[in-house]
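Notes follow once the structure below has been shown.
The values are calculated or read from the model by the stated rules, or taken from the named source; none is laboratory data. Just so you know, these numbers come straight off a predicted model, no measurement behind them. FYI the Cβ positions are ideal-geometry reconstructions off the backbone, even for glycines, and counts take in every protein chain you see. Calculation scope for accessible area: heavy atoms of the full protein, side chains included, ligands and nucleic acids excluded. Shrake-Rupley method; radii C 1.70, N 1.55, O 1.52, S 1.80 Å.
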Amino acid sequence: MSAEQLKEYLNTAIALAKEVGPAFKDGFWRRGQFSTDSEFAVGDKTGNGADCVTEVDRFIERTIFTRLRGIYPAHRFVGEETAAEGADGDYRVTDDPTWVVDPVDGTNNFVHHFPYTGVSIGLTINREPVVGVVYLPILDELYTAARGQGAFLNGQPLPLIRPPVLTTPGSLAECSVLCEHGSDRSESAMRSRLASFTRLLLDKSHGGGCIQNLRVTGGACPDITLVAKGVAEMYWELGPHAWDFAAAVTILIEAGGAVFDGAGWWGSGVPEEERTLKPLNIWNRKILAIRFIPDLPGRPGSGRETQKRLAREVLELVEDIPYPPDGVH
Ligand code: LIP
């Protein structure tokens with residue numbers, strides 16, 4: 001794939017994100033066609049009230065896919081709403097160029113007028129995310145990246161916070177970790193997640209990681225873009241879908257960050273020597289993302305080593321939840 005071709009895909013995604021921005025804002029503020037309840041139509045995909053869908057989600061996904069199908073008829077398309085409604089419910093994950101779209105990531109925030117919510121447009125080729133656009137219209141933040149071409153926030157290179165202001169965390173005690181409780185409220189999932197959160201926060205004398213703080217924004221896209229910006233060290237979650245983070249991981253990687261499979265090791269019985277960091281598979285619903293960490297003076301490669309050490313420390317503390325992967329493989 002040539003750099004020019006990737007750039008063209010990126011420009012298409014940027015244009016689409018900007019095109020749907022006004023509809024996103026109208027929906028957020030309940031204006032125009034989205035000003036009445038019947039037009040806004042908040043529905044619920046899981047039946048527990050935690051996984052909402054609005055008319056805006058459907059409208060934006062339809063708009064983006066109609067445009068993309070017109071421009072790239074041979075590509076494949078996976079979107080949160082079409083997958084949920086069963087239209088592409090048994091979508092096949094292939095090596096073909098595949099647009100992976102979440103029209104409104106952070107839908108719970110969206111319905112509560114909480115500004116950490118946005119549009120996510122990602123492209124995978126050979127199953128690898130290569131283009132990512134995340135637009136958070138209410139915060140007026142447009143994040144863009146294409147493989148090998150850097151990552152930008154409103155045109156400024158990421159990470160926004162840079163050395164020497166951006167420091168090298170010595171331990172988890174210096175890390176802000178973004179987590180999500182997700183929409184799966186089954187007893188086993190909630191107990192497992194809360195146990196993981198507790199172990200991350202607990203002081204060292206009781207076997208915890210004593211992270212500096214744990215934050216929940218309500219969306220994978222805002223979380224990962226905060227990590228790419230350099231204002232949080234990590235994001236860990238089990239259960240989100242490929243459309244929640246396909247775009248954002250390209251942005252983070254291009255910002256010098258790293259992403260790993262987030263399946264935790266605590267209590268797993270996996271012997272120490274087999275506890276290796278596995279690369280992220282975006283269809284696997286388990287993610288650990290970490291920001292750019294600068295090399296220490298005179299120690300090239302030490303930033304990457306620190307990323308891996310901190311990622312390992314988190315995976316040692318959190319436990320896995322066996323979610324089925326997205327799509328048919
Ligand atoms: C959300 C994700 C978030 C997860 C939520 C939900 P949505 O996406 O961004 O990470 O915890 O359960 O899946 O549904 O708002 O697009």
**Message:** Please pick out the residue among 71, 64 that is free of Cβ contacts under 8 Å to residues at least 60 places away in the same chain and closer than 17 Å to residue 241 by Cβ.
**Reply:** 64
**Request:** Find all pairs meeting these conditions: Cβ atoms under 9 angstrom apart; at least six residues apart or on different chains; first residue within the stretch 235-262 and over 24 Å from residue 81 (Cβ atoms); second residue of a type in the set (Asp, Glu) and within 14 Å of the ligand (Cβ to nearest atom).
**Result:** 236/180; 262/237
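Can residue 285 be described as open to solvent by 10 Å² or more (accessible area, probe 1.4 Å), closer than 17 Å to residue 310 by Cβ and not aliphatic (A, V, I, L, M)? Even if it seems obvious, please write down each step before you answer.
On the way: open to solvent by 10 Å² or more (accessible area, probe 1.4 Å): yes; closer than 17 Å to residue 310 by Cβ: no; not aliphatic (A, V, I, L, M): yes.
The answer is no for residue 285.
From 57, 44, which residue is in contact with a Cys (Cβ under 6 Å, 6 or more places away or on another chain) and of a type in the set (D, E, K, R)?
On the way: 57 fails: in contact with a Cys (Cβ under 6 Å, 6 or more places away or on another chain).
Checking each option against the conditions leaves just 44.
Return yes when residue 310 is outside any loop (DSSP other than H, G, I, E, B), open to solvent by 40 Å² or more (accessible area, probe 1.4 Å) and within 18 Å of residue 196 (Cα to Cα) and no when it is not.
Working: outside any loop (DSSP other than H, G, I, E, B): yes; open to solvent by 40 Å² or more (accessible area, probe 1.4 Å): no; within 18 Å of residue 196 (Cα to Cα): yes.
The answer is no for residue 310.
For residue 50, state whether it is in contact with a helix residue (DSSP H, G or I) (Cβ under 8 Å, 6 or more places away or on another chain) and aliphatic (A, V, I, L, M). Spell out how you get there, then give the answer.
Values: in contact with a helix residue (DSSP H, G or I) (Cβ under 8 Å, 6 or more places away or on another chain): yes; aliphatic (A, V, I, L, M): yes.
Against the criterion (in contact with a helix residue (DSSP H, G or I) (Cβ under 8 Å, 6 or more places away or on another chain) and aliphatic (A, V, I, L, M)), residue 50 qualifies.
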**Asked** How many of the residues making up the stretch 180-230 are acidic (Asp, Glu), under 16 Å from residue 318 (Cα atoms) and touching a Gly at 6+ places or on another chain (Cβ under 8 Å)?
**Response** 1
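Can you say whether residue 57 is charged (D, E, K, R), within 16 Å of the ligand (Cβ to nearest atom), under 22 Å from the mean Cα position of the chain (by Cα) and at pLDDT 90 or above, as far as the supplied structure shows? Working first, answer last.
Values: charged (D, E, K, R): yes; within 16 Å of the ligand (Cβ to nearest atom): yes; under 22 Å from the mean Cα position of the chain (by Cα): yes; at pLDDT 90 or above: yes.
Answer is yes for this residue.
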**Message:** Being open to solvent by 20 Å² or more (accessible area, probe 1.4 Å) and farther than 17 Å from residue 303 by Cβ is true for just one of 153, 178, 142. Which residue is that?
**Reply:** 142
**Request:** Scan the stretch 198-225 for residues that are within 13 Å of the ligand (Cβ to nearest atom) and crowded, with 23+ Cβ neighbours inside 10 Å and report the count.
**Result:** 7
**Message:** Tell me whether the stretch 33-52 contains one or more residues that are of a type in the set (A, V, I, L, M) and under 21 Å from the mean Cα position of the chain (by Cα).
**Reply:** yes
**Restricting the stretch 159-191 to residues that are of a type in the set (Lys, Arg) and in a loop (DSSP other than H, G, I, E, B), the residue that is farthest from the ligand (Cβ to nearest atom)** = 162
**Asked** On the given criteria, is residue 293 part of a helix (DSSP H, G or I), more than 16 Å from the ligand (Cβ to nearest atom) and either over 23 Å from residue 114 (Cα atoms) or not hydrophobic (A, V, I, L, M, F, W, C) (or both)?
**Response** no
**Message:** Only one of 133, 42 is in contact (Cβ under 8 Å) with a residue 12 or more places away in the chain and closer than 29 Å to residue 2 by Cα. Can you tell me which?
**Reply:** 133
